[in-house]
Every structure is written in C-alpha cells, then in structure tokens.
1. Of the conditions (1) in contact with a helix residue (DSSP H, G or I) (Cβ under 8 Å, 6 or more places away or on another chain); (2) within 16 Å of the ligand (Cβ to nearest atom); (3) under 15 Å from Cys20 (Cα atoms), Gly146 fails just one. Which one is it?
2. Sort through Tyr134, Tyr148 and tell me the only one that's surrounded by 14 or more Cβ atoms within 10 Å (Cβ to Cβ) and part of a strand (DSSP E or B).
3. Against the definition (more than 30 Å from Ala172 (Cβ to Cβ), of a type in the set (Val, Ile, Thr) and within 11 Å of the ligand (Cβ to nearest atom)), how does Ile71 come out, yes or no?
4. From Ser109, Ser104, which residue is within 13 Å of the ligand (Cβ to nearest atom) and within 27 Å of Arg8 (Cα to Cα)?
5. When you scan segment 48-101, how many residues do you find that are of a type in the set (S, T, N, Q) and either under 22 Å from Leu207 (Cα atoms) or assigned to a helix (DSSP H, G or I) (or both)?
6. Check Lys89 against each of (1) farther than 24 Å from Asp18 by Cβ; (2) within 13 Å of the ligand (Cβ to nearest atom) and name the one condition it does not meet.
7. Going by what's in this entry, would Ala27 be described as touching an Asp or Glu at 6+ places or on another chain (Cβ under 7 Å) and either farther than 21 Å from Trp211 by Cβ or near the ligand (Cβ under 9 Å from one of its atoms) (or both)?
8. Checking the structure you have, find out if any residue of segment 35-47 is near the ligand (Cβ under 10 Å from one of its atoms), more than 19 Å from Trp211 (Cβ to Cβ), part of a loop (DSSP other than H, G, I, E, B) and touching a helix residue (DSSP H, G or I) at 6+ places or on another chain (Cβ under 6 Å).
Amino acid sequence: DNCKSGCRGALVVLEGLDRCGKTSQSARLVKNLDELGYPAELFRFPDRNTVIGQMISSYLNSDSQLDDRTIHLLFSANRWEKRSLMESKLRNGITLIVDRYAYSGVAFSSAKGLDIEWCKAPDMGLLAPDLVLYLDISPEKASERGGYGGERYEQLEFQKKVAKSYEILRDASWKIIDANRTVEDVQEQIRDIVLDYVKTCRNGKSLSQLWL
Ligand code: NYM
C-alpha cells in the first residue's frame, strides 16, 4: 500500500465549543490512524509555542488586554505561520488532525459582535480542510463537564453565542458528531469517517484554499 506520487495526507479539522471533547478525540484519532498504518500528526490552534502563540496565551489567561480585532488577527497570523509546514507534511503523505482552525477564529470573534465577513477575510487562502468534524454538545452540557478552566471565553452565556456563530458558519459538508456519547463511541465514529477521507486524499484529491 505504497504512496504514489500525488498521494497526500488529509487535512482534518475538529471544531466545537470549549469542553466538547475535541482535544482527547484529536489525540485518539492520531493514534488510531498511526496504528492502522496511516501516518498522522496532531496540530492545534492556537499553537502557544510560537511568539505569536505566547501573546495569544497571555490574552486568554487575562494577563494582557487586547482590542478584539487585534487578537482576532493574531489568531489568524498564528495559523499563517504554520501554513507552509502543514502543506509540506500533507504533500509528504502525512494526515493532519487539527484541533481548531479558522472556524474557531470566526465563531469566537463574531460572537463578540465583529462582522462575520471581516472575521473571515484574514484566513482566506489558508489550506482548506478536506473534512470538518463538528463535535456537537449543548453549551449547558459542556459547562457541566468538570467546569471551565477559567480562561477567557469559558462562560455559558458567551458559549451560547459561539454555538450560534458555528451554526451560521457550517455548511452541508461538515460532519456533525453527537458528542454527548461515551469517549469510545465518539472515537469509533470519527475514526470510520476519517478513514474514508484519508483514502480519498491518497487517491489524488487536490489541495484547495479556504474561502476563495
Ligand atoms: N480561539 C481559538 C479563538 O478565539 N480564536 C481562534 O482562532 C482559535 C483557534 O481560544 N476558547 C479560542 C477558543 C478557545 C481558546 O483554545 C483556546 P483551546 O482549544 O482551549 O486551546
């Protein structure tokens, strides 16, 4: 089952409210794919390891205050600084499992009242995901899951607005996953869906650009 030329990895994004289970599911998915012989790596946004990521982290911890548009653009820049690395990994046959992407950027910033088209603009031209999985959980249920960690945005009323923004953003291609089930049930469903996409991408589906 060798990778022929033109064979690439799949770009898979997991989205959802805070505490929907994305982070554990992303890690499990990478492990599952690796075990099945499909090389996979985990990316997450914000990536707090870069200089821009540290500015974002300090904002989320309320150690710094930033204008709503400023932080929005930093989140976007944090994705742009990973774009070429992501592209080369994909072209080398590695599937990328990405914990949050541009959709989080738009959902959280537009929940603050920023115009949705303004929010989308800086992310136009990033790599378009082959698959978006939305881990669906009600804001109330999510808030009961061991409580929020105290970061900015982790409040029930705000999460309700984020859920509405996600509803506006999503299109028919998104796979909506019922995240109210056991970790294992969710994991199994996600793995089966993603395997299909990984195979399609290996068969030569081309990479495209987001929102262009
Ligand atoms: N977030 C994340 C944004 O507001 N905009 C973005 O572009 C991204 C990627 O950061 N509450 C928010 C969503 C989360 C917070 O994410 C930190 P995480 O997945 O908890 O590290």
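The values are calculated or read from the model by the stated rules, or taken from the named source; none is laboratory data. Predicted, not measured: the structure shown is a model, and the values here were computed from it. With ideal geometry, Cβ positions are generated from the backbone for all residues, glycine too; neighbour counts draw on all protein chains shown.
1. Unmet condition: (1).
2. Working: Tyr148 fails: part of a strand (DSSP E or B).
Just a single option satisfies the conditions, and that option is Tyr134.
3. Criteria met by Ile71.
4. Among Ser109, Ser104, only Ser104 is within 13 Å of the ligand (Cβ to nearest atom) and within 27 Å of Arg8 (Cα to Cα).
5. First, pick out the residues of segment 48-101 that are of a type in the set (S, T, N, Q): 49-50, 54, 57-58, 61-62, 64-65, 70, 76, 78, 84, 88, 92, 95.
Within this subset, residues satisfying the condition of being either under 22 Å from Leu207 (Cα atoms) or assigned to a helix (DSSP H, G or I) (or both) are 54, 57-58, 70, 76, 78, 84, 88, 92, 95.
Residues flagged as of a type in the set (S, T, N, Q) and either under 22 Å from Leu207 (Cα atoms) or assigned to a helix (DSSP H, G or I) (or both) within segment 48-101 amount to 10.
6. The one condition Lys89 does not meet is (2).
7. Working: touching an Asp or Glu at 6+ places or on another chain (Cβ under 7 Å): no; either farther than 21 Å from Trp211 by Cβ or near the ligand (Cβ under 9 Å from one of its atoms) (or both): yes.
The answer is no for Ala27.
8. Let us first name the residues in segment 35-47 that are near the ligand (Cβ under 10 Å from one of its atoms), namely 44-47.
Next, from what is left, pick out any that are more than 19 Å from Trp211 (Cβ to Cβ): 44, 46-47.
From the residues that got through so far, the ones that are part of a loop (DSSP other than H, G, I, E, B) too are 46-47.
Within this subset, residues satisfying the condition of being touching a helix residue (DSSP H, G or I) at 6+ places or on another chain (Cβ under 6 Å) are 46-47.
Yes: one or more hits.
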